[in-house]
Each structure stands twice: as structure tokens, then as C-alpha cells.
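Visitor: Questions regarding the structure given below will be posed in turn.
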Amino acid sequence: MSHGIEQPVPLGEGNSSIAACTISQPDETPPRYQLVNEDGEYDPDSLPDLDDEELLDLFEWMLLQEIVDERMVTLQRRGEMGTYASGRGQEASIVGSSYALREEDWLFPYGREAAAMLIQGMPLRDLMLYWRGVEDANMQKAHRVFPPAIAIGTHIPVGVGYAWGLGLGEEDAIAALFHGDGHPSTGEFQSGANFAGVMNAPALFYCQNNGYSISVPFDEGQTAAQTVAQKGMAWGIDGIRVDGNDVLAVYDAVSQAREHVADGNPTIVESVTYRLEAHTTNDDPSRYREADEVDWWEEREPISRFRTVLESEGILADGDEDAMRQELNQQFDEAKEAADGYESRGIEELFTYVYDELPPELERQLGEFERFLEGHPEAHDYIDHRPKG
Amino acid sequence: MSHGIEQPVPLGEGNSSIAACTISQPDETPPRYQLVNEDGEYDPDSLPDLDDEELLDLFEWMLLQEIVDERMVTLQRRGEMGTYASGRGQEASIVGSSYALREEDWLFPYGREAAAMLIQGMPLRDLMLYWRGVEDANMQKAHRVFPPAIAIGTHIPVGVGYAWGLGLGEEDAIAALFHGDGHPSTGEFQSGANFAGVMNAPALFYCQNNGYSISVPFDEGQTAAQTVAQKGMAWGIDGIRVDGNDVLAVYDAVSQAREHVADGNPTIVESVTYRLEAHTTNDDPSRYREADEVDWWEEREPISRFRTVLESEGILADGDEDAMRQELNQQFDEAKEAADGYESRGIEELFTYVYDELPPELERQLGEFERFLEGHPEAHDYIDHRPKG
Amino acid sequence: MTDANRTLVEAVNDGLHTAMAADERVIVYGEDVGDNGGVFRATDGLIEAFGDERVVDTPIAEISIVGSAVGLSMAGFRPVAEIQFSGFIPPVFNQLVSMASRIRWRTRGEHNAPMVVRAPYGGGVRALEHHSESLESAYAHVPGLQVVIPGTPYDTKGLLQSAIDDPDPVLFLEPKLHYRAGRQEVPDGQYSVPLGDAAVRRKGTDVTVISWGSMMPPTMEAVDSLEDRRDVDVEVIDVRTLSPLDRETIVESIKKTGKATVVHEGPKSGGFAAELVATLNERALMYLEAPIHRVTGFDVPIPMLGMEDYYLPNPPRIAAGIERTLAGEGGV
Amino acid sequence: MTDANRTLVEAVNDGLHTAMAADERVIVYGEDVGDNGGVFRATDGLIEAFGDERVVDTPIAEISIVGSAVGLSMAGFRPVAEIQFSGFIPPVFNQLVSMASRIRWRTRGEHNAPMVVRAPYGGGVRALEHHSESLESAYAHVPGLQVVIPGTPYDTKGLLQSAIDDPDPVLFLEPKLHYRAGRQEVPDGQYSVPLGDAAVRRKGTDVTVISWGSMMPPTMEAVDSLEDRRDVDVEVIDVRTLSPLDRETIVESIKKTGKATVVHEGPKSGGFAAELVATLNERALMYLEAPIHRVTGFDVPIPMLGMEDYYLPNPPRIAAGIERTLAGEGGV
Ligand SMILES: Cc1ncc(C[n+]2csc(CCOP(=O)(O)OP(=O)(O)O)c2C)c(N)n1
Ligand SMILES: Cc1ncc(C[n+]2csc(CCOP(=O)(O)OP(=O)(O)O)c2C)c(N)n1
Ligand SMILES: [Mg+2]
Ligand SMILES: [Mg+2]
């Protein structure tokens, strides 16, 4: 409470040069943490402590992310799926980070991290249901996954509060708040990040900087800051930059950041990557970026890079990947079948979960609506046949 | 629009050390720009280019700030003024900054910078009316003063937009957004600061860091960042720290910052100072800070420091200050008399300025209310005699 | 493109082109409004036509998109800011309430904020969560904030022009369900449809049906089917401007018909129908032959796409509501 | 302090002490709630009694104060967050709409947010600009957000306890005009007043007057003066919970009296009176003998202190309104 006779603001020494008293961003872009370079070269001694099975696991999750992305987009084109946000190109970033979380950690996704949700234990069927617009898909408490925060930034203060609560409890858990490079521009994000710093909330701000927020480039319109990592300066929290297409670097950085976070130090990890696909299935990226830029990144896409490592380590043999892909596609088929078999619990669902108990007015609205639907089968027809936007 | 074959995110070199890829705040508090130290010592060659008259002017404005603060608080205690926010202790910070603005610049005050508004040309009478809760007091367009932003942070995006507009125009004007050390924690502020960086809006973020936001110390609860200046890193804008009790340093820093801002570089100037009085006349600071802390700062209060300079420069002779004070008190008396003579334009005021033209419903409400008041003189009595909260 | 056959979103686009060409103070900005032409293409072609000083992509910063519009408009511009979906208006509530709506009032008319905030609103397009909210009633309650919701392509362009010309702030909500659902004659040149005037879409004597925006087409469809089925003569009013509200048109209609149904998509309790009912109660109670029936969204969040069509009023539900009104049956 | 004689703000304070002592999941936080004890002293003594892990000062970050309450409450706590003045609720509208109010719904009941957001609301205490807003109607329109406004010290403590115990979010608006204006018996121990129940403050047969919160005392004063002056028997209802609304009590009363006046401090158009009128129209139209009259704030921002008393309904204006209702006069 009291400052005694101390001054209440950190004063700093007096200095008669304005330049010396000015804090600017660095002229050079700060480095990215990288273990395997763009050509797949690495120092074997610097690799994180993962056994062969774990390394293959990482690879398999990356493949799953790729397969899910491709197939969900196809389903959407066929009208069997709602709007979908692909993570193509970000497989290392998505998988390396979430694989580094611990059993007891909680995931606050925002939408472009399918594999992260699956790694937490969310069934693939539910992931499909989510993108089909079914609220039941959000029932992932057992897997410590919150609903994706489609309204950008909204999950940040909530996740910070959740982390604050975790910090007050016995468990050594953290809240991992996934987000993109546009999120830090919102009031919600920035208010929350500063709040986390003050409360020492064990929150990990995991930013997939994929270069764009829909059409707006990170470095030409999203912020005048060069990096997301440096934004931590505003909130007194550390920011780590990592090569988001290097799954081992991501894994290692997030593992270490996670421990720092668990000690009550909220931390930003900025994963520098690229979205190869459209923003969502509604988006036409040719309106705002050139093909050769995409090509440039396609050559640096993360699955190939990691494949090189696994091959040179002799972990991945010829044919292994094909087998994996076949198996994963089959998983997808099964999940799809299960999702197709899902039946909504009907209109009662709309009413019963607003409050613990249905208040009289909602009960009345439900009752009326049920009576209406009984008396008006044409309403069902209308709903079923209405052209969908 | 297009990045060609460039990568869309500033990549930075790869580096295999996490520490090297981590951005943290500095261990040491960054320095403050200072020209005259706490003991009144200075290097005469380093003083800003102000002639004697201007130096005296600065001093007089500081005295006026002090006198206004003291007398407004007294008036409030006597029931002749509403809640008032004193700037005692921050005279150098308030005056040095606003004196550095140019004729064409616009002030967006937040409430604790009486002299800044007066320096812009706002009549002292209107300042009084403002704190008496009279909207007419906000008619300061001619003086380029906007209404104080009592709802914290609200003026930041607005001021940034105004600055953006100024930047699009012919004039070389800037918008000076005054605020405190609590403001940068809000979503409004941070969203706006980032926006300013992107739009190259000529906005000066002038932060009086007086150590507290009501009862919450800047360094124990407002933010985990050590300084406000460093927050600019999040938005890609420069932050300058200045000794807010050194009026010449403030003047000089803001003058230089102002030019940088006018060139399209939004900039933060953090003025490190201390609020010697209560937060407002409603506040009891003894609940949250110790007397010896206040004493520590009282010894370093800015008017004395500047007086030493003026005396050693031989600009301020014996008795000059008394004369000034007498004159300023008289100005206050006259303004007070004028404020007492102010008459409201009656209830029509409440209705006529919501829209350019009174819509029918408002016209009806006004008409009804007028008829009611005519028919019910007791309503006036009620209003006049109601115990005021 | 000829005069005829513009969709509602094309009317927006054409309205913006027309207004920007006519008045160089008009600045259009928001997320992805530039090269991308807006996620619904409402701003398509503007950056090519008017350059990137007048058509500006912004960060994801709704607070500042609206806040800066207050500033820009006071500085002499006519900002038309886009909020990408109505679900992202809540972050700007503070700027609307504390700044945009009252700068004229606070400064006794010295400053004013001739700004427009456009946003597609409402459900039914299979959008993601948080993209479909319909909280116009909350916004229309804010003194000094004008709320305009067009229901046809023609009105869209004309009302947008009026909103841009108006000296005070307008929240302009576009029914995205009908962005591409129908076409109408929309003149090429500049014209305006006045703010604050409701439109009588169809004259009738038995019952008045009042709606706006996204619910206008289903309401018309319901009325058509009803008039086909039974001998009833329905008057339909398109409110168009929720604030300031054209009470006269509505009151006069009910004095004639004695009965009314109000249709909107937002939740029922505290929805804008309540204000209409209260107004009619005040001004025309003695003409009311039956309770005014409200056909609205339920008091629940609008569901994700799986169930959203059950939430939204549709022609059968609207028709049934009108029938209830005719039968003199009261509310839910 | 004995059982008797607590002011409304003392009832808040006592309620917080009682709830924190009874349930260690309760955490109180907000700006200046710690050493300072809150700017109105509502949280006085809490930090001394319960320590700075359970009574926490926050940065000026309304968004996060409310957002973190959603998180904390899902994590098993019972956060009671303070927003310092109602004028600073607009910045948190997004967290209320998009997160707090619908986490149960989005997760089909797996998560819920047992959180309370307290804020002093309303005008009349000569506060600064932006400190006196009364936008409860906008908040009560948000599905899933409960809105509670006590009108007496006894109710304040009891409703606060219920709000804290409730498994879903509650926006708890305290009429700061009466924080210290009167005293009432407030028991020391824990008790609760149920959410969702209106209170009949006075039985009567000629007219029903409905109000809540800050307007209850002036309404009672108006009714007293009216009953003194003329032979009239007024029923007075204190709504207490705007959402979910106790419609039965109100409808039953009007069925008896046939006439109603609604009094609130927020602006008229779209104010909460509209929902009450619409409800009565639906459920009791045929009992209505006269238009329901609304005595409310005007459709303007609440003025700074110089003129705020002209904006606020006061006993003479309320009494005149009731007389209009009795005379069967509608309209403004
Ligand atoms: C508050 C809000 N504003 C706007 C949008 C629309 N929107 C959806 S995704 C997106 C871009 C997000 O960019 P980023 O944070 O970089 O994540 P990315 O999609 O690139 O992974 C926008 C603007 C939204 N969902 N929420
Ligand atoms: C949005 C908002 N939240 C809370 C308040 C109440 N309040 C008024 S001043 C203040 C502290 C401001 O601190 P700071 O920014 O440091 O400025 P100072 O008053 O110290 O000059 C607070 C919390 C407010 N006016 N607006
Ligand atoms: Mg991105
Ligand atoms: Mg301060």
C-alpha cells in the first residue's frame, strides 16, 4: 500500500539529452528463434528433448491439420460445411505450440488452430460440428477447450481472468490464449494484456503472425510496430519471436514460455508464419496479394521442413507418411460420418441454456413457438427450403 | 498494396537463442530528460531558446495554475463549485507542455490541466463554469480547446481522428491529447494509439504521470510496465520521458516532440510528476498514501525549482512574484464575478443541441415540460431546495 | 450497369461511389474496405476510383474506427466508417454513447459530427458466431444517435446519401440477408430519401404491420400469402429510421386499422417493438381494438448457423402473428 | 453498527462483508476498491478484513474488469466487480453482450458465469460529466444478462446476496442518489431477496405506479403528496429486477387498477417503460382505461450538474404524471 518516503513513480536518472530519454523501436527487425533453418539444416545438439515417437507425433498432427484444412474446404464448397478458416501453412505454428502445453492447461482458441483443439482432446467430429454451426460442439470442458472467440479479442480479458483464477488455485495450470496478428490492435486485447501483467496471471499470449488480417498486411496497416513480441513492452511482459514454420523452435519456445507463464509471468510468443490459403472459405485472397508472394512462402512451408529433419534423423522411413495420411483420412471419414449422424435436440436447445432456470417469459416464448411449429408444418418447410445465404 | 515476392511479415534473422529472441523491458528505469535538477542547478547553455519575457510568462502561468487550484478547492468547500481536480504539484508539467504548442494546435484536455486550457485562450470564467457543470463552458472552438474527457480514454480515438483530419489538411497543426498515467490502461487509449501509428496522425500523447490514478499507484497496480514512454513500442511510436517538475525540460521536450508529431509521427511524452493535492475535492488521499511521501515531493515541487532559475538568471526581482500573484488573484476575482453573473438559457438548452433540428418527439417533450413548469411552480422550488448530493 | 437491377449491396456500393464523387470530404474506411473491397464488396472499386487517402484500410480497432470518425467529422470531413459485422458494434458502444452522439450537445452546437457508421446486421446468411446480432433497439435508445435501417435497394442508396449529408451521426444498419436477394430500380445519379420518415409500403384497412430492414421482405411475403388466403386488407409500414422515429405515420395508420403487428429480428424483451407499442399506447390507445402483437427474435442469443433459421421470424410465423392480431389475441 | 439504520451504500458494504465472510470464492475488485475503500466507500474495510488477494485494485480497464470476471467465475470464483460509475459501463458492453451473457448458452451449460458487476448509476449527486448515465434499458435487452436495481437499503443487501449466489451474470445498478439519503433496518446476518420478483410497495386500487431504483423515493414522495391532496388510492410497484422481469405482478396490478404510470430516469424513447407498456398491452389491454403515462428522463444526454435537476423526474413531475394518467390523458 504505502510507498513510505519513496517516490511513487519509477523516476530514472536525470539526463540532458532528449535522444537518451527517448524509447524507440529498434531499426532492425528483432531475430526469430529458429532451430531448423529454411533449408532444413540444423544443429542436432540444439534440438528439444523429444523422443522419436513424440517427433512423429508432431509430424502426424501437422499432417492432420493439413488434411482437415483441405477436406473442410472441400466440404464447404460442396455445401456440407459452413464458413471455414484454414490453417494451411501454419501447421508448425499450430501444432508446435499446442503440443507444448501440459495436460492441465486450458486452451482459448480463436478459430485458426484446428489441430490445437484436437491435441487438447476435442473430437474431430465436434470440430466439424462447430464449423457446421452447432453449439453442442462447444461442450469441451473435459478437454479444457473454450469456444473459439470469433469476435476478435473478446477471449483475451476472459482468458486473463481465467488464468488469474488458475493462479489463485492449487494447480500449476496456465491459460493459452491463441490469436492472430490483428488481435493486438483491439481494445479488448490490449486492456487484457496490461491487466494480465498487473495480476501476474498465468496467461500465454500465443500470436500466430501469419502476415495478414484478412486483407490487411501486418506491416502495412495493422500497426506501426515491427513485431508483436515488442508489444509486451507496453504491458511489462516478455515477448518472444519464433520462426513459426519451424515446429521444433515453436515447440521449444512455447515449452519454455509456458514455464515462465506458470510462474506468474504472462508472456507473448509471436510465431512468424504465413497463411497459404484464403482467410476463410468466403475470402478471395487474389484481391489483395500476389501469387509470387504465396509461392515464396509455399517453398518455405513447414511440413516439408520438418520432413527433412525426420528423414535425416532416420525417423521417417519411405512409405510411413503415406500410411499416416491414409489413416488420418480415415479418421476424418469416420468423424464426418459421426457428424452427419448428429441430431439437434430441437428448438428447446435455443431456450434452455440462457439461464440456469428458464424464466417465465422464456418459457412462454418456447411454449408459443412449439405450438406454432406444431400448427404450422409449412414453417419447417420454409426453413428447410429457404435459400441459404 | 502488393508485397511482390517479399515476405509479408518483417522476418528478422534466425537465431538459436531464445534469450536473443526475447524482448523484455529494461532492468533499469530509463532516464528522464532534465535541464534543471532537483536542487535548481543547470547548465545555462542547455536552456531552451526563450527570452526573459517568455520565461516570466511560463512562471506566471504556473502561478496561475497554483492560484486557480487553491481557490477552486476553496470555492468547492464553500459549495460554490462542483467537484474539482487540482493540478497542484503539476504546474511545470501542465504549463511547460501547453506553452510549447503552437497557435494552430488543438487541445484535447482530460481535466487536470486548467492552465493548458487557459493558455489556449479559454477564459477563466468559462473554466469556472465548466466545473460548475455548465455546458456553455465547452464553447471553446475559437480557442481550439475540446471539452475535457472525463470518461477516461474517450478522447484518444477522437483526438487521433481529429489529428488524422489535420494531417490531411493544409495546416501544419497537431492535436495534443492530454492524459494521465491511468489512461493508457484503457482499451480506448491503446486502440487509439495504435491507430495513430498506422495513420501517421499528428497526435501528441501527453501523459502527466503523477504517480496515481486516484488511489492506485502507477507502479503497483496500473501496469507492469515501468514507464508510459516505453508503451510506444507497442504502437511503433516514440516515447520520451521528461522530468515533469522541470518546466524548461517539459517545454523543450514537448517543443521538439511537437515538430516530430507535425511530421506525421505520433509521439508520447511522459511527464514524470506528482499530484500534491487530493485526486479531486471528493477524494481523501490519506487513505492511500503517507504524508512523508507527499512531503518528499513537496520539497521537489516545480514552482520553487523554476523560481531558483529565474532568480539566478536575474529575471525575477524581489517583489515581482507578489505583484504577479496579486494580479492573478484579481483576475480570478473578476472571472468569478463573471461566472456568478452567468445565466443559463433555461431548459430549452437541454433540448436544442441534440440534433441540428429538433425532431418532433423532442419538440413535444420540450413543449410538455415547459407547460408543466409553468403550471407547477413547486417544481422549480423542489429543484432549488433539493438537498444536493 | 444500368439504372435498373441493383441489389441492396450494389446500392450501397453505388451510393458510396456517388457520394464520394460528389463531395471530396467523404472518406470511407474500415477493415478490408480497400483492395479487398469489403468482405461483402460494398466498397468495391472505391480505392481504385478515389485513392488510398480517401479509402483506407484500418487495423482491427472498432473503437478507433468509430472514435476517429468523430474526430474526422469535427475536422471537416464526412467519414463513412464500416464496422464489418453488427456483432462488432458492441465494442464501440462507448464511443457512440459518450462521444459521437453528444459532441454537438456538449459544445452547444459549436462542434458536430457528420459521420456515418455502416454495418451489415442480422442473421440468416450462415455466418459465424457473433456476426448476426440485431441490437438496434439498444442503439436507438441513445439520445443523439440516429439509427437508420433501409429495407430496399432504392431506399438504401437514398438513405445513405441523406445519412452522409446529415450534420449529425448516423448508425446505418444494412440487412445483409438481403444484400443480394433481390433487385430494384436504383437511379445512377444522386438522390436522397429523407431520414426520419417511415414509408407506407402497402395501404390497407384491417391491420397495420410494422417492420424494417431484414424483416421487410419476409413481412411482405407473409402479407402476400395472407391476402391470398383470406379476405384481409393489410397496411404495411417500413419504419426505415428508428431514431428519430416517425411516430405520426404509425399513429395515423393505427387510428385507421385499429390493429397492429410489429415484426423485428432482435430479441423481444426491450426490442424496438416495445417503443412502437408504447407510442401507440400513448397516442392511439382508444383506437386499439386488439393487443399489438410482436413477432420477434426470442430472448436468446442468435444461434450459430445450425439453428439460426429457427430463431429468425419467417413468413409463416409472421403470417400467424398477423392472424393472431386479427383475432384479437394478445402477446406471447 | 446495529441492525437498524443502514444507508443504501452501507447496505452494499455490509452485504459485501457478509458475502465474503460466508463464501471464500467471493472476490471483490475494481478501481480503488482496496485501500481507498471505493470512491463511495462501498468496499470500505474489505481489504483489511479479507486481504489483497480477495480485494483487488485494478488498472483503469473496464473491459478487463468485466472480461476477467467471466473468466474468474468460470474458474470457480464468485467475482463481484465494480465499475466506478454507470457512465463507464458502455466500454464493457462488448464483454457483456459477447461473453458474460452467453457463456452458458454457447457451451450448453458446461460453463456458466456466476459474476456480479456492481455500478452506482444515475444522476442527482452533482457528479462530473459521464458519471450519471441511466442506460439500464439497453442492458436489460441483452439476453442472458440479468439486470437488478435495488431501491431500498434492505433490498440492496438481500438482492446483492442473491446476485452473488446466482449462477448467472448480474448487472447490479445501485441508485447512488440515495446512497446516503435514507436509512432502513438492514439485518446483520445473511439473507436474500429473490431476483426476478417485483415488490408491491403500496396497495391501491385507482392507479398503478411502477418504478425502480433511483426513482423509487421521489415516486413515493409524489404518491404521498398526491394522496394528501386528493382522494386517490395508488398502488406502487418497485420492479427491482428488470431482467428477468416479473410480469405477473405488474399485469395483475393493472388488471385491478386499469391505469398505470411508469417512472424512470433514463431517456424516454426505448427506455424500459416501453417494455412495461408493451407487456401490459399484450396481457392486459382490455383492462386499460387510459394510456399508460411515462414520466422519464428526456431524449437527451443527462446534463452536467448545472441543469441535471431539470432532466431528472422529481416528485412534482411524477405527481403531475400520475394525475394525467388518472385523467386519462396520454401522450408525452
Ligand atoms: C471484433 C471483430 N472485428 C472484425 C472481425 C472480422 N474478422 C474476422 S477474422 C479478421 C482478421 C483477423 O486477423 P488476425 O488476428 O491476423 O488472425 P488471422 O485470421 O490472420 O489468423 C477479421 C477482421 C471480427 N471477427 N471481430
Ligand atoms: C472510463 C473511466 N473509468 C473510471 C473513471 C473514474 N476516474 C476518474 S479519474 C480516474 C483516475 C485517472 O488517473 P490518471 O489517468 O492517472 O489521471 P490523474 O487523475 O492522475 O491525473 C478514475 C479512475 C473515469 N472517469 N472513466
Ligand atoms: Mg493474421
Ligand atoms: Mg495519475
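Visitor: What FRET efficiency would be calculated for the residue pair residue D:197, residue C:24, taking the C-beta separation as r and a Förster radius of 41 Å, to the nearest 0.05? Numbers along the way, then the final one.
Guide: Details: r = 59 Å, r/R0 = 1.44.
E(calc), rounded to 0.05, equals 0.10.
Visitor: Amide H neighbours of residue B:32 under 5 Å, counting only residues 5+ apart in sequence or on other chains, H built in-plane at 1.01 Å?
Guide: Under 5 Å from the amide H of residue B:32: A:13, A:14, A:15.
Visitor: In whole angstrom, how long is each semi-axis of the equivalent ellipsoid of the stretch C:3-187, when you take the square root of 5 times every eigenvalue of its Cα gyration tensor and sort them from largest down? Let's see the in-between values first.
Guide: Details: eigenvalues 107, 71, 50 Å².
Square roots of five times the eigenvalues give 23, 19, 16 Å.
Visitor: Another one. Let a ≥ b ≥ c be the square roots of the eigenvalues of the Cα gyration tensor of the stretch A:289-389; is it rounded (a/c under 1.5), or, if not, prolate (a/b larger than b/c) or oblate?
Guide: Numbers: a/c = 3.09, a/b = 2.63, b/c = 1.17.
Here the stretch A:289-389 falls in the prolate category.
Visitor: For the Cα atoms of chain D, what angle does the longest principal axis make with the long axis of helix D:315-326, in degrees from 0 to 90, nearest 10?
Guide: That helix lies at roughly 50 degrees to the long axis.
Visitor: What GluC sites (Glu not before Pro) does the stretch B:339-389 have in DSSP loop regions with at most 16 other beta carbons within 10 Å? Please report the intermediate quantities before stating the final value.
Guide: On the way: sites: B:343, B:348, B:349, B:357, B:361, B:363, B:368, B:370, B:374, B:378; in loops: B:343, B:357.
Passing sites in the stretch B:339-389 are B:343, B:357.
Visitor: Which trypsin sites (Lys or Arg not before Pro) does the stretch B:300-346 hold that lie in a coil by DSSP with at most 14 other beta carbons within 10 Å? Don't skip to the answer; put the middle values down first.
Guide: Values: sites: B:300, B:305, B:307, B:325, B:336, B:345; in loops: B:300, B:345.
Within the stretch B:300-346, the qualifying trypsin sites (Lys or Arg not before Pro) (loop, at most 14 other Cβ atoms within 10 Å) are B:345.
Visitor: I want to verify a result. In a Gaussian network model of chain A, Cα cutoff 10 Å, which of these has the top mean-square fluctuation: A:358, A:50, A:11?
Guide: A:11
Visitor: What's the whole-number percent of alpha carbon pairs in the protein assembly as shown lying beyond 50 angstrom?
Guide: On the way: 304111 of 1038961 pairs.
Of the Cα pairs, 29 percent sit more than 50 Å apart.
Visitor: In whole angstrom, and with the biggest value first, how far do the Cα coordinates of chain D range along each principal axis?
Guide: Per principal axis, max minus min of the Cα coordinates gives 58, 44, 37 Å.
Visitor: Then there is this: Output the 0 to 90 degree angle, nearest 10, between the alpha-carbon long axis of helix C:272-284 and the longest principal axis computed from the alpha carbons of chain C.
Guide: Once rounded, one gets 60 degrees.
Visitor: Which of B:231/D:176; A:141/A:231; A:141/D:157; C:157/C:203; A:141/A:336 have a Cα-Cα distance over 28 Å? Please report the intermediate quantities before stating the final value.
Guide: Details: B:231/D:176 36 Å; A:141/A:231 31 Å; A:141/D:157 34 Å; C:157/C:203 24 Å; A:141/A:336 22 Å.
Exceeds cut-off: B:231/D:176; A:141/A:231; A:141/D:157.
Visitor: List the GluC sites (Glu not before Pro) within the stretch C:14-57 that fall in a DSSP loop (any state other than H, G, I, E or B) and whose Cβ has at most 15 other Cβ atoms within 10 Å.
Guide: Values: sites: C:24, C:31, C:48, C:53; in loops: C:24, C:31, C:53.
Here the GluC sites (Glu not before Pro) that fit, given the DSSP loop and packing criteria, are C:24, C:53.
Visitor: To continue, here is another question. Using just the Cα positions, wrap the stretch D:199-326 in a convex hull and report its mean projected area in square nanometres, one decimal place. Numbers along the way, then the final one.
Guide: Details: hull surface 29.2 nm².
The directionally averaged projection comes out at 7.3 nm².
Visitor: If amide hydrogens are placed 1.01 Å from N in the peptide plane, which non-local residues have theirs closer than 5 Å to the one on residue B:238?
Guide: Residues meeting the amide H criterion: B:268.
Visitor: Now for a different question. Through the Karplus equation 6.51 cos²θ - 1.76 cosθ + 1.60, θ set to phi - 60°, convert the phi angles of the stretch C:106-119 into ³J(HN,Hα) values in whole Hz; use x for Gly and Pro.
Guide: 5, 9, 6, x, 5, 10, 8, 10, x, 10, 10, 10, 9, 7
Visitor: Specify whether the C-alpha gyration tensor of the stretch A:216-276 places it in the rounded, prolate or oblate class, a ≥ b ≥ c being the square roots of the eigenvalues: rounded for a/c under 1.5, otherwise prolate if a/b is larger than b/c and oblate if not. Before the final figure, lay out each step's value.
Guide: On the way: a/c = 3.39, a/b = 1.25, b/c = 2.71.
Oblate is the answer for the stretch A:216-276, as a/c is 1.5 or above yet b/c matches or exceeds a/b.
Visitor: Once phi is turned into ³J(HN,Hα) by the Karplus curve 6.51 cos²θ - 1.76 cosθ + 1.60 with θ = phi - 60°, what whole-Hz value does each residue of the stretch B:58-75 show in order, with x for glycine and proline?
Guide: 4, 4, 5, 5, 5, 4, 4, 4, 5, 5, 4, 4, 4, 6, 5, 4, 4, 4
Visitor: Moving on. For the stretch D:3-187, what does the relative contact order come out to in percent, with C-alpha contacts under 8 Å and a separation of six or more? Kindly include the intermediate steps, with their values, before the conclusion.
Guide: Working: 390 pairs, mean separation 52.9, N = 185.
Averaging sequence separation for qualifying contacts and normalising by length gives 29 percent for the stretch D:3-187.
Visitor: Is the stretch B:23-340 rounded, prolate or oblate when judged by the Cα gyration tensor, a ≥ b ≥ c being the square roots of its eigenvalues, rounded requiring a/c under 1.5 and prolate requiring a/b larger than b/c? Let's see the in-between values first.
Guide: Numbers: a/c = 1.27, a/b = 1.17, b/c = 1.08.
Rounded.
Visitor: List B:263, A:238 from most exposed to least, where exposure is judged by having the fewest other Cβ atoms within 10 Å.
Guide: Going from least to most buried by this count: B:263, A:238.
Visitor: What is the order of C:89, A:268, B:347, fewest Cβ neighbours within 10 Å to most?
Guide: So the ranking, lowest neighbour count to highest, is B:347, C:89, A:268.
Visitor: Could you work out how far helix C:62-74 tilts from the main Cα principal axis of chain C, as a 0 to 90 degree angle to the nearest 10?
Guide: The angle comes out near 70 degrees.
Visitor: Find the centroid of the Cα atoms in the stretch B:85-100 and in the stretch C:156-232, then give the distance between the two in whole Å.
Guide: 55 Å
Visitor: Report the Cα centroid-to-centroid distance between the stretch A:276-316 and the stretch D:47-64 in angstrom, as an integer.
Guide: The two parts, judged by their Cα centres, are 46 Å apart.
Visitor: Helix-only estimate, please: 222 nm mean residue ellipticity of the protein assembly as shown, summing -39500 (n - 2.57) across DSSP H runs of length 4 or more and dividing by its residues, to the nearest 500. Let's see the in-between values first.
Guide: Values: 50 runs with 552 residues, N = 1442.
Rounded to the nearest 500, it is -11500 deg cm²/dmol.
Visitor: Another question, then. With a bin width of 10 angstrom, please list the P(r) values of the stretch B:1-81 as percents of all Cα-Cα pairs, from the 0 bin to the one holding the largest distance.
Guide: 12, 17, 17, 17, 17, 16, 4, 0
Visitor: Another one. Enumerate the calculated ³J(HN,Hα) couplings along the stretch B:128-141 in order (Karplus 6.51 cos²θ - 1.76 cosθ + 1.60, θ = phi - 60°), each rounded to whole Hz, writing x wherever the residue is Gly or Pro.
Guide: Running phi through 6.51 cos²θ - 1.76 cosθ + 1.60 with θ = phi - 60° gives 5, 4, 4, 6, 8, x, 10, 5, 3, 4, 7, 7, 10, 4 Hz.
Visitor: Order these by the 10 Å Cβ neighbour count, fewest first: C:255, C:203.
Guide: Details: C:255 15, C:203 11.
Ascending number of Cβ neighbours within 10 Å: C:203, C:255.
Visitor: Taking the simple approach of a point 7 Å from Cα along Cα-to-Cβ for both residue B:344 and residue B:142, what is their distance in nm?
Guide: Result for the modelled spin labels: 2.4 nm.
Visitor: Just the number, please: percent antiparallel of the DSSP beta bridges in chain C, rounded to the nearest 5. Don't jump to the answer; show the numbers that get you there.
Guide: Values: 6 of 38 bridges.
Bridges in chain C are about 15 percent antiparallel.
Taken together, the values in this text are just the output of simple stated rules run on the coordinates, not laboratory data. Bear in mind the structure is a predicted one, so any value in this text is a computation, not a measurement. Don't worry about glycine lacking a Cβ; one is built from the backbone with ideal geometry, like all the others, and counts go over all protein chains shown.
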